[in-house]
Amino acid sequence: MDNKGKRREEYTDVEATSEEVKPKKNKKKRKKNQNQNEVEATSEKVKPEKNKKNQNQTEVEATSEEVKPKKNKKKRKKNQNQNEEFDDCENLKHESDDCEKLKNDQKIEATTEPKKVDDQVNPQFSYWSSSSEEPEYTEDTLHPNYVCVGNMDPNITEDEIKHFFKRIGKATVELRPVTTKKGIITEMQALVSFETLEETQRASMLYGTDLSGRAARISRLPLGLMTLVVTEFDDQISESSLLEQLSAQLEWPIQDIFLPKSSSTGFNLGFAYLKLSIGNQTEDAVQKFVTENDIIVKDVRGDEYFVQILKVHLKAWVTQSITTEGRKADLQETIDALKNKIEENRRRETDKEPPFSWRTRKPELFVHHYLQLENDCWAITLFRGHYAAHQLTYSSPSSLTNVDIIKQGVNPRHLLSGEGIDKVKNTKEFMLGYCKEVEFHHRPKTDNEEDHEAFEKNIICLLKQCPVGVMIDVLPSSARWDWDELGVFIPTVNDLIRKSLEKPPYHGLFLASHDTTEEGVDFWELQESAGEDHGDKGFIKLARHNRMIKQLIVFKV
């Protein structure tokens, strides 16, 4: 997400994946008839250059994921990266070298007692279980004898790791230190082998267990496969042509490819999944290659497109459908049904809730001091939630005076090296030292639209009691959204399709209000962690009814 040249923000993935991926700027030659974006609220900003044959196929989202298409450009500068949706727990980059963490030294006097509201939180939705974090790979794509272990202390030894796995079986350990450019070891990783598949499976179940003061990140070793998503190509290119052109430019063989299509038009949806066979090569090396090299795909007219290739984490059933013979047709049918349902839901009339804004009523509840300088959006969200709840209840300042207290106080076993925290709910034990209760409310696991609408109503009820922290899904087109100019971010249909197929990263924000635009678009207003220069004085707007909020964090002091 660009901040108009001032500072480039990268979203944080709190619970999802662990590899940082920075895509190149998109300067591909666009086709002349840029399909109109399905987002009505921002459609006036999208101007197709020329009409052509099939222009009436408005449901095709293949090249309309970006809300603001640029003019055609044949040449492209190499090695220019822009922020994208799959950055897992990332850092905000600042122009100034002397940016420091800003401390919260301002004491804001509490004004009045919190107002009582008539809205009651529906207890049915207070403790929905979290969506499961299922693995991407199936057993036949995993090595039967190896696990990868990360997030370990730089000084840990082979003997300590062997002792950790002693209850599982005899382990062989190969240490792999992670170093900076100056050769400083920041984290120790290891490749650990066992004698049987059963031992390997049991070892992987120790994920998150304390290992020398840190939460061990243990995962099975894939059999040399890497999953990538390809975007930014013409919507009429065929799967076979895309496969042929990519195979000629990538250094590793493509084992599988899947190019979703629109059943109504026959055009592709503008994204494809690759299963790349990388052998003993590291995923970082592959990502570096596709980032630093221009990968070009030509359409049927010979026009060139600079495609974007990123690592992606698919849900297990999607991976199995792509890699299993005869299952792609079933996956295509699922996507067709999903697309139709998304479009149908967008046409549904929803009940309009009266607007409510803490930002207007009590602006002193929102602490603007903190900028996200590292992977700490989760801690900023917790601090802001506690601060607001405390200010609404007490006149005296809280002893929780800054974000660093949270970051240093949470059990280190839950902190991931360079990647934030494993799960936000693991902060509860520490936060209870500063408040009466911390509640974590999760969105429904069901696909029933009524359940999700009820969840949103529940969010509004909780919001009227106090501003709340939220974890949101970071969607693909948000990386190109101009938060300073375009107002409410409305996900594209492709965003929501991919959200159902992939495991998107998450980002922590602070929910301040909800309202409706003049065009009738319901939205949430949230405080970002990118400073007051971002969006509307540090606040952004996300369209409601899109299931973007994954989790709520509510404090009772």
Residue list for segment 425-455, filter: outside any strand (DSSP E or B) and open to solvent by less than 20 Å² (accessible area, probe 1.4 Å): THR427, MET431, CYS435, PRO444, HIS452, PHE455
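Surrounded by 21 or more Cβ atoms within 10 Å (Cβ to Cβ) and of a type in the set (Phe, Trp, Tyr), is that true of PHE383? Spell out the reasoning first.
On the way: surrounded by 21 or more Cβ atoms within 10 Å (Cβ to Cβ): yes; of a type in the set (Phe, Trp, Tyr): yes.
Considered against the rule, which asks whether it is surrounded by 21 or more Cβ atoms within 10 Å (Cβ to Cβ) and of a type in the set (Phe, Trp, Tyr), PHE383 comes out as yes.
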In segment 141-177, which residues are open to solvent by 30 Å² or more (accessible area, probe 1.4 Å) and in contact (Cβ under 8 Å) with a residue 60 or more places away in the chain? HIS143, TYR146, CYS148, ASP153
Within segment 506-527, can one find any residue that is over 30 Å from VAL318 (Cβ atoms), open to solvent by less than 10 Å² (accessible area, probe 1.4 Å), among the charged types (D, E, K, R) and not in a strand (DSSP E or B)? no
Taking first residues from segment 424-441 that are in contact (Cβ under 8 Å) with a residue 40 or more places away in the chain and second residues anywhere that are charged (D, E, K, R) and assigned to a strand (DSSP E or B), the pairs with Cβ under 9 Å that are 6 or more apart or on different chains are CYS435/LYS556; LYS436/LYS556; GLU437/LYS556; VAL438/LYS556; GLU439/LYS556
Just give me the residues in segment 174-229 being closer than 30 Å to GLU502 by Cα and of a type in the set (D, E, K, R), in sequence order. ARG176, GLU187, GLU198, GLU199, ARG202, ASP210, ARG214, ARG217, ARG220
Residue under evaluation SER240, criteria (1) of a type in the set (Ser, Thr, Tyr); (2) in contact with a Ser or Thr (Cβ under 9 Å, 6 or more places away or on another chain); (3) open to solvent by 40 Å² or more (accessible area, probe 1.4 Å), criterion not met: (2)
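Residue by residue, here is whether (1) at pLDDT 95 or above; (2) touching a strand residue (DSSP E or B) at 6+ places or on another chain (Cβ under 8 Å); (3) over 29 Å from LYS315 (Cβ atoms) holds:
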| position | (1), (2), (3) |
| --- | --- |
| THR141 | no, yes, no |
| VAL147 | no, yes, no |
| VAL178 | no, yes, no |
| MET188 | no, yes, yes |
| LEU197 | no, yes, no |
| LEU225 | no, yes, no |
| GLN249 | yes, yes, no |
Going through PHE555, PHE539 one at a time, which residue ends up being farther than 27 Å from LYS341 by Cβ and over 21 Å from the mean Cα position of the chain (by Cα)? PHE555
Among the residues in segment 199-213, are any basic (Lys, Arg) and surrounded by fewer than 19 Cβ atoms within 10 Å (Cβ to Cβ)? yes
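So is THR323 closer than 28 Å to ALA272 by Cβ and in contact with a Lys or Arg (Cβ under 8 Å, 6 or more places away or on another chain) or not?
Numbers: closer than 28 Å to ALA272 by Cβ: yes; in contact with a Lys or Arg (Cβ under 8 Å, 6 or more places away or on another chain): yes.
The answer is yes for THR323.
For ASN458, are the conditions met, namely being crowded, with 23+ Cβ neighbours inside 10 Å and more than 26 Å from GLY420 (Cβ to Cβ)? Even if it seems obvious, please write down each step before you answer.
Values: crowded, with 23+ Cβ neighbours inside 10 Å: no; more than 26 Å from GLY420 (Cβ to Cβ): yes.
No: the conditions fail for ASN458.
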Kindly state which helices (runs of 4 or more DSSP H) lie completely within segment 260-370 and contain at least 2 residues that are closer than 27 Å to ASP451 by Cβ, of a type in the set (S, T, N, Q) and open to solvent by 30 Å² or more (accessible area, probe 1.4 Å). 328-347
For PRO222, which of the numbered conditions (1) under 24 Å from the mean Cα position of the chain (by Cα); (2) within 30 Å of GLU304 (Cα to Cα); (3) not aromatic (Phe, Trp, Tyr) fails to hold? (2)
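The values are calculated or read from the model by the stated rules, or taken from the named source; none is laboratory data. Computed from a predicted structure; not experimentally measured. FYI the Cβ positions are ideal-geometry reconstructions off the backbone, even for glycines, and counts take in every protein chain you see. In case anyone asks, the SASA skips ligands and DNA or RNA and just uses the protein heavy atoms, side chains included. Shrake-Rupley method; radii C 1.70, N 1.55, O 1.52, S 1.80 Å.
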